[in-house]
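A.B. asks: The structure's right below; bear with me while I get my questions together.
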Amino acid sequence: MADDALPSARAGSAPAEPVGDELAELAAATAADARVYLSTITEVATGRMDSTALSLLLLAVSQALVAGARLGAVADVVPARRYEPDAGPDADVDPVRAGLANVFEGLDDYADVVDPLTDATLVRGALSDDLAAVAADLEHGLRHHERGEVTEALWWWQFSYLSSWGQRASAALRAVQSLLAHLRLDVDAETVSDAEFDALHP
């Protein structure tokens, strides 16, 4: 991971909560997906990656949404504690947000809708904002998980998936997929003709 990566969670002194095997496995899988997502967008934000950056983003965001779908499909998780335990200060995602905005300069903004069911008003979306917002929510839950606060982590990931980062990740995924499609399909006719000729006349 790059030197300016988002700070990873550190295990605290809190003892691990006694949870069932299914919830423990769900939490472990979500934590693993969160780490991959954080690592990927941090590396992309450095601007040092080659043309594989969009493909890696597509995979990382898609996998994060798979993790969110698993969380959304299970019954509501009830935290072991009545109040959220203090897991320390939230990660500063602004450097990553700024790095992503620089990487996607000229391509960062896109058209989004407030809510496809209740309010189809078009608003400005920004890929860098979306990716950073998802990172902040995933990292917050990851710190709880690595302190042994498993149900708190699951509750946070599940709640924030339904209320915020699921929507932002879905919007980001569509934007990234659109960028990939344009890069690979928007080819001038002469280039296509030359490629077809070369293919037919090796």
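The values are calculated or read from the model by the stated rules, or taken from the named source; none is laboratory data. Remember, predicted model here, so these are calculated numbers, not experimental data. Neighbour counts run over all protein chains shown; Cβ positions are idealised from the backbone, glycine included. The area values use the complete protein model at the heavy-atom level, side chains included, leaving out ligands, DNA and RNA. Shrake-Rupley method; radii C 1.70, N 1.55, O 1.52, S 1.80 Å.
A.B. asks: Scan the stretch 154-171 residue by residue and report those that are farther than 16 Å from P116 by Cα, out of contact with any Pro (no Cβ under 9 Å at 6 or more places or on another chain) and not aromatic (F, W, Y).
C.D. replies: Q158, S160
A.B. asks: Could you check the stretch 125-171 and list, in sequence order, the residues that are in a strand (DSSP E or B) and crowded, with 24+ Cβ neighbours inside 10 Å?
C.D. replies: Of everything in the stretch 125-171, nothing turns out to be in a strand (DSSP E or B) and crowded, with 24+ Cβ neighbours inside 10 Å.
A.B. asks: Look at the stretch 22-63 and say how many of its residues are open to solvent by 50 Å² or more (accessible area, probe 1.4 Å) and among the β-branched types (V, I, T).
C.D. replies: 2
A.B. asks: Also, quick follow-up: Please work out which residue is least open to solvent (accessible area, probe 1.4 Å), limiting yourself to the stretch 172-190 and to residues that are assigned to a loop (DSSP other than H, G, I, E, B) and acidic (D, E).
C.D. replies: Here is the first cut: in the stretch 172-190, the residues assigned to a loop (DSSP other than H, G, I, E, B) are 186-188.
Then keep just the ones that are acidic (D, E); that gives 186, 188.
Details: D186: 104, D188: 85 Å².
Here the answer is D188.
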